[in-house]
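Some notes on the structure that comes next.
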Amino acid sequence: MTALLDTSFLFALTDQSDRNHQRVLTVAQSANEQLVLPIVVLPEICYLVASRLGHQVMRHFVASMTPDAIQLESVTLEDLARISQILEKYADNHLDFTDAAIVAMAERLAITRVYTLDRRDFSIVRPKHCDYFELLP
């Protein structure tokens, strides 16, 4: 199976003082699937880590993103068109670009599992390729 990584999951994994750290760490350590990091998540998580935990922690985070740990996935032009549709459809919920990109990418790659703590946004979205996302942890 394959899963997409969201910013909230990665931040809790990186921040040992985060209240969700242990829960996320347990899931990450037991993950036995291909983990896909959407390229749009990378600048978002790096900014959060650098601004809240420091530049050294951010550098360590970037160094941990190795080919054996994750697959980096770019946004396509088709994804951008779908992102626009998703943003319009969920405008009342103020879904952000990164979350909409994760949804579009999940649809394109037929991925139903998302590692995230963002239950609010990913619970309301109804992807085209499945009834709902499986959200971990």
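Among the residues in segment 89-109, are any farther than 27 Å from PRO127 by Cα and out of contact with any helix residue (DSSP H, G or I) (no Cβ under 7 Å at 6 or more places or on another chain)? Full working, then the answer.
So in segment 89-109, the residues farther than 27 Å from PRO127 by Cα come out as none.
Scanning segment 89-109 turns up no residue that is farther than 27 Å from PRO127 by Cα and out of contact with any helix residue (DSSP H, G or I) (no Cβ under 7 Å at 6 or more places or on another chain).
Do we have ASN32 as polar (S, T, N, Q), open to solvent by 20 Å² or more (accessible area, probe 1.4 Å) and touching a Leu at 6+ places or on another chain (Cβ under 9 Å) here?
On the way: polar (S, T, N, Q): yes; open to solvent by 20 Å² or more (accessible area, probe 1.4 Å): yes; touching a Leu at 6+ places or on another chain (Cβ under 9 Å): no.
Answer is no for this residue.
Within segment 119-137, which residues are touching an Asp or Glu at 6+ places or on another chain (Cβ under 6 Å) and modelled with pLDDT of 95 or more?
PRO127, LYS128, HIS129
Any idea how many residues of segment 35-52 are in contact with a helix residue (DSSP H, G or I) (Cβ under 7 Å, 6 or more places away or on another chain) and closer than 14 Å to ASP15 by Cα?
5
Within 22 Å of LEU136 (Cβ to Cβ) and in contact with a helix residue (DSSP H, G or I) (Cβ under 7 Å, 6 or more places away or on another chain): does that describe LEU10? Reasoning before the result, please.
Working: within 22 Å of LEU136 (Cβ to Cβ): yes; in contact with a helix residue (DSSP H, G or I) (Cβ under 7 Å, 6 or more places away or on another chain): yes.
Yes: the conditions hold for LEU10.
Among the numbered conditions (1) under 21 Å from VAL103 (Cα atoms); (2) surrounded by 15 or more Cβ atoms within 10 Å (Cβ to Cβ), tell me where ASN20 comes up short.
For ASN20, the exception is condition (1).
Would you be able to tell me the number of residues in segment 35-63 that are closer than 17 Å to ASP6 by Cβ and surrounded by fewer than 12 Cβ atoms within 10 Å (Cβ to Cβ)?
Taking segment 35-63 as the starting set, the residues that turn out to be closer than 17 Å to ASP6 by Cβ are 35-49, 52, 61.
If we keep only those that are surrounded by fewer than 12 Cβ atoms within 10 Å (Cβ to Cβ) as well, we get 43.
Adding up the residues that qualify gives 1.
Which one is farthest from the chain's Cα centre (by Cα) among residues in segment 20-36 that are in a strand (DSSP E or B) and not β-branched (Val, Ile, Thr)?
Going through segment 20-36, the residues in a strand (DSSP E or B) turn out to be 34-36.
When the remaining residues are screened for being not β-branched (Val, Ile, Thr), the result is 34-35.
Details: GLN34: 13, LEU35: 10 Å.
Checked segment 20-36; the qualifying residue farthest from the chain's Cα centre (by Cα) is GLN34.
The values are calculated or read from the model by the stated rules, or taken from the named source; none is laboratory data. Note that the structure is a prediction, hence the values are computed from the model and not measured. Quick reminder, even Gly has a Cβ in these numbers, built from the backbone with ideal geometry, and neighbours come from all protein chains shown. Side chains are part of the model used for accessible areas, which takes the heavy atoms of the whole protein and leaves out ligands, DNA and RNA. Shrake-Rupley method; radii C 1.70, N 1.55, O 1.52, S 1.80 Å.
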